[in-house]
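Please treat every number below as a calculation from the coordinates, not as lab data. Remember, predicted model here, so these are calculated numbers, not experimental data. Here Cβ is always computed from backbone atoms with ideal geometry, including for glycine, and neighbour counts include all displayed protein chains.
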Amino acid sequence: MSESMVEVRNVTKVYERGKQKVEVLHRLNLEIPKGDFVALMGPSGSGKTTLLNLIGGLDQPTGGEIVVGGSRIDQLGSGALAHWRAHNIGFVFQFYNLMPVLTAEANVELPLLLTRLSAAQRRKNVAVALEVVGLADRAKHKPKELSGGQEQRVAIARALVSDPQLLVCDEPTGDLDRKTAGEILGLLQVLNREHAKTIVMVTHDPKAAEFARRTLHLEKGQLLEQAA
Amino acid sequence: MLAQALAITGLGIRSIPERWAPSLVIVVGLAGVVAVFTALLAMAAGFDSTLKATGRSDAALILRGGSDAELNSAFDRDSTDLIKEEPGIAAAADGKPLASAELMVIAELVRKDDVRNGANITLRGVEPAGFALRPQLKIVAGRNFTPGLRELIVGQGVLKQFQGAQIGDVVRMRGSQWQVVGVFASGDAHDSEMWADINVARSTFGRTGSSSVLAALDGPGGLERLKSAVAAEPRLTLDVLREQDYFSGQTKQFRQTIGFLAGIVTAIMALGAVFAALNSTYAAVAARGKEIATLRAIGFGGFPVVVSVMIEALLLSLAGAVLGAITAYLLFNNLSVSTLGQNFTQVVFDFKVTPQLVARGLVIAVVIGMVGGLLPALRAARLPVTTMLREQ
Amino acid sequence: MTRAGFVIANLFRKRTRTILTLLSVIMAFLLFGLLQSVNTVFNAGSDFVGAARLIVQARVSFTQPLPISMLPKLEAVPGVSRVAYQSWFGGVWQENTPLIMFSLDPQRYRDVYPEYVMPDAQWQAFERTRTAMIVGRQLADQYGWKIGQKVPINSNIYPQKNGSKAWAFDLVGIFDGKDEEWKKRTNLAFIQQDYFDEANQFGLKGRINFFILKLIDSKDAERISRTVDAMFENSPDETKTMTEKDFNISFVKQIGDIGLIVRWILFAVFFTLLLVVGNTMAQSVRERVPELAVLKTLGFSDASVLGFVLAEAFTLVLVGGLLGLLLASIAGAMVERGTGGQFQLSLDLRVWLIGIVAIVLMSLAVGLLPALRARRLKIVDALAGR
């Protein structure tokens, strides 16, 4: 297969809740090649969101190594990690994606404030991203004027706008109805097949997982048999 | 209706500890407004009451014509003797007119709180009748001055604010030395003065006449008779005033200035407090939004909701007002200060935090509380229940 | 959109709350501006005067007049270049508007106060005409007086020989100040001492309120003051000599510690404001925890997020503070015009500077804690709702 996008080697994650220590991930190993579209499934408490957070550089493992796009990210300080995230990852969450005080296009422009692009260039990139998700005509609307599905599209446009290699999605359709969910997942497929984005998606919905190329199951912090 | 309102209010008040931050804003904001307002007006009230207490309604103060303060007044010995003979003046026990010629001289002492700059105080040279005319004045320490000697008695206000005026101290005035032999208390503006024998003062300072004459009036028509007599006498160019009127007139400018200042400061602070209260009450309504919406969905009317929000705002405002009044009282009541009086000499007075003042502060707090509570209350009552639930 | 645009957009999250908070800030700084300039007027308004002039007054009180016969002795003191004198007239315009009015010797005064500027012809008219009066530009503008007018002035202390307290003077000159500071001091009126001395019923008769000594070198101020006072010690007219600046200050000190009162009031006001705005900022951050977390996921560093919150606090306090100071400026200028320069309440540079410092400090005070909280927030916990 093509080279790896994500390599997770012997990763352990332990949380301290007061006096208690909870081991959420236990010596996990995982490989995601470039261009893959992986669905992570598992019951609540299985650690799938934790794994996603580690791959996305939102958190650090307690033990083990994580390599994304050729870089070791498990040893980076929070400042370096922030910088890395800005240039390498796009996120889509279930809720809270958008700033309610900004328009759709301003929301999409937000990550570009971290680059050296000029205002004109930023506007161009934003327009392209909105075009890709099919929302160019809603650019000037505020989130409260958009439907749930449209909000997620804007979130996806924002995730794309810095042209990252890897998209990380945490239950992106969890809050949407079946039809809209299907549209969003279809969009993700397009991004994967036609724009070569590697996508890792956490979901609890088997129907959503069908849109991915393969599905991985987690239980109690460990990967079960990998289904092809 | 009332029961509903009280029920909702009870619920609201019990949840105040959770919303302690916005509630604290109202309390502190109002405490500030009331404290400042009370303090400023206590200052004016203190000055006012000190001067108002001065002066009798049955005595006349005679000044040189055209002078509006004892400082500016000076008339010669002949006029002094002449005026005492005029009708309208009561007689003393020995048959002589009950009148005291008095001489005002400006002296300088060092303040206790500001040693670099001296301040002016009044030395009043008096005749023995001066004591008879002021029965409220009593020697509280030491003894009275001996006529014919350069001795002083000082008012208790002088002792409070100035250095170098204790019994036994020597005060230097224009090259002459005077010994302080006693302290007097009179409960009015005279407490800011030093007294001496008028004849000694005259000879020391090269004066022959007086600044003023204080005379007891003989009955209700006495003032009129004295005034007409003086007007008719070509040798006398004098003004005759009721003593009390003279002193209360003196405070007018100070009262006006302070009143003006206090008014402006309080108005601006009150406006600020209204905005702060509005802010907090809106926040409180938003925080209780779900609870209020649920109550309304259950069937509680809009009006009880309005009442409960306003009662809450009012209670917090009153709490703040009481806090402010107590602070002002503890910090300022009976605080002794002095300022420039009409004669360009110091007048010592105490801040007076009176019940009326406190009441006025509470009224201001109530008004602010009501204004600050009204709009949010109306909003809580009228907004559709669904909108309120969605905002959570 | 820019980072600044983002900060401002966030301020309008809850528009009512922002506006009410802004109004509170405006009120606080309005009061601050007015009270500080009152304070400045009372305490520091004499800084520009310098030490080149000394005021000699009677030791006991400046209300006690000194004999003009002291003049030659004062002129003879080494280091004194010129001596002038003036007396308080106590003039009242119309019913009850008090004027700052003195009687003096025109030529001497002109020599000692070169900061007042008036055409030669007008100075000469002042010297020649016994009933002449000159007034400052501010006063003339205030009451619409024109040269050539006969202005009726009452005195609340001195009647004329005929007993009437109504005087009238010929306005022969209007003087200006040489620079901004002195222009503010043109709210005075002057008449001739000789005329006044002769025409008033009681007659200070050869006595004046104080002498003004112009020094050759201001460094001699201390020495000359002591020399003069020593000269008249133990005489019936003991003197107290000090620099003009100290004279102004000592007068104010007698009124009371205005600075202290102002400080107390402002303390109460700013303490409350701190609570109001601090509460707003704290609430604003608390509501936005998930959004701040999302910002961090996008790659904004912890420091940038702190920066956003501080910028928000700063913008709020800055806009409110500047508006408040501006309102104070306008109000102060109106009071100044309305009272003919008697209450010089317009805000000067110093008050603005102190105001800006107050704005910065208040922004930090209200913004720092919420900003630190935003900086510390952990993405993972915030997104999970913890």
Report, in listed order, any pair from A:48/A:220; B:112/C:253; A:140/C:296; C:73/C:214 with a Cα-Cα distance greater than 18 Å.
A:140/C:296
Work out the mean other chain Cβ neighbour count within 10 Å for the residues of A:88-101 and drop it here as an integer.
4
Give the aspartates and glutamates reachable from residue B:96 as a straight Cα distance under 15 Å; neighbours fewer than 8 places away on the same chain don't count.
B:81, B:85, B:86, B:127, B:218
Dipole axis of the protein assembly as shown (+1 Lys, Arg; -1 Asp, Glu on Cβ), positive-most option in C:33, B:369, B:53:
B:369
Would you mind giving the three semi-axes, in whole Å and largest first, of the ellipsoid equivalent to segment B:281-323 according to its Cα gyration tensor?
23, 11, 6
Would you kindly state how much longer the chain becomes between residue B:143 and residue B:235 on full extension, computed as 0.36 nm times their sequence separation minus their alpha carbon distance, in nm to one decimal?
29.2 nm
Packing-based order for A:179-188, B:367-376, C:230-239, using average beta carbon neighbours within 10 Å, highest first:
B:367-376, A:179-188, C:230-239
Starting from the Cα of residue B:352, draw a straight line to each of the aspartates and glutamates and keep only those under 15 Å, dropping any in the same chain fewer than 8 residues away.
B:48, B:188
I need the fraction of alpha carbon pairs in chain A separated by more than 25 Å, rounded to a whole percent.
40
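Suppose every K and R has +1 on its Cβ and every D and E has -1 on its Cβ; what is the size of the dipole of segment B:76-236 about the Cα centre, in Debye to the nearest 20?
Numbers: 19 positive and 20 negative charges, 93 e Å.
Charge dipole of segment B:76-236: 440 debye, to the nearest 20.
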Rounded to a whole number of µm²/s, how large is the Stokes-Einstein D of segment B:76-236 at 20 °C and 1.002 mPa s, given Rh as the Kirkwood radius over C-alpha pairs?
128
Counting DSSP beta bridges in the protein assembly as shown, what percent are antiparallel, to the nearest 5?
70
At 20 °C and 1.002 mPa s, grab the translational diffusion coefficient of the protein assembly as shown from Stokes-Einstein with a Kirkwood Rh over Cα pairs, rounded to a whole number in µm² per second.
61
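Within 10 Å of each Cβ in peptide B:265-273, how many partner chain Cβ atoms are there on average? Round it to a whole number, please.
The mean count of partner-chain Cβ atoms within 10 Å per residue comes to 6.
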Might you report the magnitude of the Cβ-based charge dipole of segment A:4-223 about its Cα centre, with Lys and Arg at +1 and Asp and Glu at -1, to the nearest 20 debye?
260
With N residues in segment C:60-237, Rg(alpha-carbon) / (2.2 N^0.38 Å) equals 1.06
Lys and Arg at +1, Asp and Glu at -1: add these up for the other residues within a Cβ distance under 13 Å of residue A:176 and post the number.
-2
Cβ-placed point charges (K, R +1; D, E -1), dipole of segment C:60-237 about Cα centre in debye, nearest 20
300
For chain B, take the longest principal axis of its alpha carbons; what is the angle in degrees between that and the long axis of helix B:20-52, to the nearest 10 within 0 to 90?
20
For segment B:1-134: Kirkwood Rh in Å [reciprocal of mean 1/r, alpha carbons]:
21.2
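Suppose only helical runs count, i.e. DSSP H with n ≥ 4. What mean residue ellipticity at 222 nm does that imply for the protein assembly as shown under -39500 (n - 2.57) per run, divided by all residues and rounded to the nearest 500 deg cm²/dmol?
On the way: 35 runs with 485 residues, N = 1006.
It comes out at -15500 deg cm²/dmol, rounded to the nearest 500.
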Relative contact order, percent, chain B [alpha-carbon distance under 8 Å, six or more residues apart]
30
Can you give the three extents of the C-alpha atoms in segment B:296-342 along their principal axes, from longest to shortest, in whole Å?
66, 23, 9
Compactness of chain C - radius of gyration and Dmax, Cα, Å
29.1, 95
Looking at B:189, C:282, A:49, which one has the Cα that reaches farthest to the positive end of the dipole of the protein assembly as shown (charges on Cβ: Lys, Arg +1; Asp, Glu -1)?
A:49
At 4 °C and 1.567 mPa s, grab the translational diffusion coefficient of segment B:172-220 from Stokes-Einstein with a Kirkwood Rh over Cα pairs, rounded to a whole number in µm² per second.
96
Could you list the residues of segment B:131-151 with an amide nitrogen less than 20 Å from a label point located 7 Å from the Cα of residue B:172 in the Cα-to-C-beta direction?
B:150-151
Hey, what's the per residue convex hull volume over the C-alpha atoms of segment A:181-228, in cubic angstrom?
78
Within segment A:1-99, report the GluC sites (Glu not before Pro) that DSSP leaves as loop and that have at most 16 other Cβ atoms within 10 Å.
A:3
Taking N as the number of residues in segment B:264-392, the ratio of its alpha carbon radius of gyration to 2.2 N^0.38 Å works out to 1.48
Determine, at each q value in 0.09, 0.10, 0.11, 0.12 (inverse angstroms), the log₁₀ of I(q)/I(0) that the Debye formula gives when each Cα of chain B is one equal point scatterer.
-0.66, -0.73, -0.80, -0.89
